[in-house]
Amino acid sequence: MAAPAILLFTDFSHAGPYVGQVKAVLAAHAPEVPVIDLMHDAPTWDPMAAAYLLAALAPECRKGSVLLCVVDPGVGTDERKPTVVRADGRWFVGPGNGLFNVVAARAKTLSWWDITWSPERLSPTFHGRDLFAPVAAGLAVDRARPGTACVPAARLLPDWPDNYPRIIYVDHFGNAMTGIRGTSLDPSRSIEINGYEFSYARTFAAAPPARGFWYANSNGLVEIAINQGRATDRYELKPGDKVLLGEDDK
Amino acid sequence: MAAPAILLFTDFSHAGPYVGQVKAVLAAHAPEVPVIDLMHDAPTWDPMAAAYLLAALAPECRKGSVLLCVVDPGVGTDERKPTVVRADGRWFVGPGNGLFNVVAARAKTLSWWDITWSPERLSPTFHGRDLFAPVAAGLAVDRARPGTACVPAARLLPDWPDNYPRIIYVDHFGNAMTGIRGTSLDPSRSIEINGYEFSYARTFAAAPPARGFWYANSNGLVEIAINQGRATDRYELKPGDKVLLGEDDK
Amino acid sequence: MAAPAILLFTDFSHAGPYVGQVKAVLAAHAPEVPVIDLMHDAPTWDPMAAAYLLAALAPECRKGSVLLCVVDPGVGTDERKPTVVRADGRWFVGPGNGLFNVVAARAKTLSWWDITWSPERLSPTFHGRDLFAPVAAGLAVDRARPGTACVPAARLLPDWPDNYPRIIYVDHFGNAMTGIRGTSLDPSRSIEINGYEFSYARTFAAAPPARGFWYANSNGLVEIAINQGRATDRYELKPGDKVLLGEDDK
């Protein structure tokens, strides 16, 4: 049975021909499988931040889905191995540079393959199109695993925290997502970023007017926001900023 | 018979995971129905401007289509009711905050439902994914109406003008759309915005070089443009700017 | 047999309702054919730069595909004829303003039609939706050619170079593509843009740190880049900048 969908998670942006060329390959190899743009502005050149974001989004994808993931500053080098991961019933295809570290660490069931198949033509700078897309299509159509099974523990980058106290993404509305899960933080606690302190509110409407607050966003991550305002502008929040978790940290 | 398409009209932008997560829900619940991004940069936090834009775009969508519409600053509050509208054979799903006011006011046939169904999990900040997407999918597949019929007049916000003399959208080419229909304005009339006066031209090529003009755009709205130039830059046009309709107004 | 895909190559950007309205027409007329956004930020108002970019991307599209191409500053004028081209087994639909000049000049097999069909309603400013989309859909479904065959030589704009020594596109990562094919340039040669000189590197990782270089990108074009940096910012590169091909030019 074919996968219910192939979901794309990349830092390609929607600009340029990159996403389109990946989709042309998928349409050729897996014409029956719907392709969904999950996001194309994953943290550029930052597989660690991207890994925490991916782990927050993955549970929303149906089991059996194939996630084609490309945040790959080391493309074309031997630094990272092309990788297939199966975690909690979902498939992940992309560079083995830490991008699947958090998904894997949180998985109840986990398998890992190094991709050994290589296409006839492999651009040294666009493995997303030439390598990962055909592999994802093959997985989506008939679960073809073009590689060698290996022990996940040998591939995981060690010493990553369970929650990542940094801003990992800022969105179009001016909200800033952190790598911290909302379930890990008590609503009584405030957090500090760039010298600003943020208290908890359950919803935008519950927050005091014109004041930044933190809440657990729709993907379970601690996020900084202002009701009908732009927290990123007001508090100069940007990806990479460190999050201090209240008095416990000081 | 399934709907010919589900069309998305939101202020989510293409950035971030929001559109992708809505599509993942639609693919799960209505896999056979094509999903089309009508636009994702509808006026943010401005349901009134968005309503006039939506009403201009809707007639281009095939009858039977489902339009999933989200411009929803009041998400998670009781200020607005989740709503299904059927107007001139098209379905509209989204927040009842005025967003469907213009479509409804212009409709020859009109029905209105308050959505009473609620999903098992409802994020207080992402009803687009958790509430409106499954409702839109259900409508698209088998016309399921998960709510209570009500009298449209009881839901319409009163006192909205037939045409809205404001800039409601500026596009990528630097053109500025107003909420005024071209059919309501005689080509002999000029209009004034920000102290600048604009005469009519039927096409870009018919306009005098390097001078702003107004014309009826491809969706029937009065739009300000410059041939091969950016009117928004030249005349500092932005959403919300007031449009004065020539001497009749003065 | 229907076309394997309709691919969109436009300067509409993803903002606004333009791409969505084109897709709604395609979905109505060719519901079985997948539609792929190849790119929507083709060089605005510059059919010549766009033509070299299109010619680099086209070979990646499957034979039999229909490419719906719109970079059309002369829309609504008699300056350019609506055009269908068949080149090396692929179909191209759009304005005859030079946009298909490079694809045609490089083609081994080539046919050319002036579109004579006209829709009932034709917006003077949106032929992409009203004219080219239905024609592309007809071609995709059953090879309908709604026009008059003509001699390609009578339609090609003459005197265009085989390679175009200009920057034709800058991407999201800050890389700058030229209209020069990598196969035409020996790796021993350096190139000069804006007074800066760039040597060859095969991959990003092979380049000296923090220094701009040129390489043949994944679509075969000479491109300027910096490993994990933004060449466009560092060297002020922008579309239209002239490329000097080393000492041979001096």
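The values are calculated or read from the model by the stated rules, or taken from the named source; none is laboratory data. Not measured: the values here are computed from a predicted model. Because the Cβ atoms are built from the backbone with ideal geometry, glycine has one as well, and the counts that use them run over all protein chains shown. What goes into the accessible areas is simple: the full protein's heavy atoms, side chains included, and nothing from ligands, DNA or RNA. Shrake-Rupley method; radii C 1.70, N 1.55, O 1.52, S 1.80 Å.
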Segment C:169-193 residues that are away from chain A (no Cβ under 14 Å), paired with ones that are open to solvent by 10 Å² or more (accessible area, probe 1.4 Å) and basic (K, R) (beta carbon under 8 Å, 6 or more apart):
C:T178/C:R166; C:G179/C:R166; C:I193/C:K242
Listed by first then second residue, the pairs whose first member lies in segment A:94-108 and is within 15 Å of A:F9 (Cβ to Cβ), whose partner is open to solvent by 10 Å² or more (accessible area, probe 1.4 Å) and aromatic (F, W, Y), with beta carbons under 6 Å and at least 6 positions apart or on separate chains, are A:N101/A:W160
Of the residues in segment A:136-171, how many are open to solvent by 60 Å² or more (accessible area, probe 1.4 Å) and under 21 Å from A:C61 (Cβ atoms)?
4
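Here's the yes/no breakdown for (1) more than 23 Å from B:V71 (Cβ to Cβ); (2) open to solvent by less than 60 Å² (accessible area, probe 1.4 Å):
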residue	(1), (2)
A:P134	yes, yes
A:N175	no, yes
A:G182	yes, yes
A:S188	yes, no
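Can B:R211 be described as assigned to a loop (DSSP other than H, G, I, E, B) and in contact with a strand residue (DSSP E or B) (Cβ under 9 Å, 6 or more places away or on another chain)?
yes
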For residues that are at pLDDT 95 or above and in a helix (DSSP H, G or I), scanning just segment A:224-250, find the one that is most open to solvent (accessible area, probe 1.4 Å).
A:R234
Among residues belonging to segment C:78-107 that are more than 25 Å from C:P4 (Cβ to Cβ) and among the charged types (D, E, K, R), point out the one that is surrounded by the fewest Cβ atoms within 10 Å (Cβ to Cβ).
C:D78
Please go through segment A:182-223 and pick out each residue that is at pLDDT 95 or above, aliphatic (A, V, I, L, M) and farther than 15 Å from A:A56 by Cβ.
A:I191, A:I193
Across segment B:27-78, the tally of residues that are within 16 Å of B:M177 (Cβ to Cβ) and part of a helix (DSSP H, G or I) stands at 13
Quick check on my filter: what residues within segment C:16-26 are of a type in the set (G, A, S) and either farther than 17 Å from C:D72 by Cβ or in a helix (DSSP H, G or I) (or both)?
C:G20, C:A24
What single numbered condition from (1) open to solvent by 20 Å² or more (accessible area, probe 1.4 Å); (2) more than 14 Å from chain A (Cβ to nearest Cβ) fails to hold for B:T125?
(2)
Within segment B:135-160, which residues are of a type in the set (D, E, K, R) and either free of Cβ contacts under 8 Å to residues at least 40 places away in the same chain or in contact with a strand residue (DSSP E or B) (Cβ under 7 Å, 6 or more places away or on another chain) (or both)?
B:R143, B:R145, B:R155, B:D159
Condition first: within 14 Å of chain C (Cβ to nearest Cβ), touching a Leu at 6+ places or on another chain (Cβ under 9 Å), open to solvent by 10 Å² or more (accessible area, probe 1.4 Å) and of a type outside the set (A, V, I, L, M). Now tell me which residues in segment B:17-56 satisfy that.
B:K23, B:D37, B:P43
Just wondering, is there one or more residues in segment A:197-218 that are more than 14 Å from chain B (Cβ to nearest Cβ) and in contact with a helix residue (DSSP H, G or I) (Cβ under 8 Å, 6 or more places away or on another chain)?
yes
One residue is enough: does segment C:65-77 have a residue meeting the conditions more than 19 Å from C:D11 (Cβ to Cβ), open to solvent by 10 Å² or more (accessible area, probe 1.4 Å) and polar (S, T, N, Q)?
no
Of all helices (runs of 4 or more DSSP H) completely enclosed by segment B:79-194, which ones contain at least 2 residues that are within 23 Å of B:I36 (Cβ to Cβ)?
B:101-106, B:133-142
Answer with yes or no whether A:A87 is within 19 Å of A:G147 (Cα to Cα) and at pLDDT 95 or above.
yes
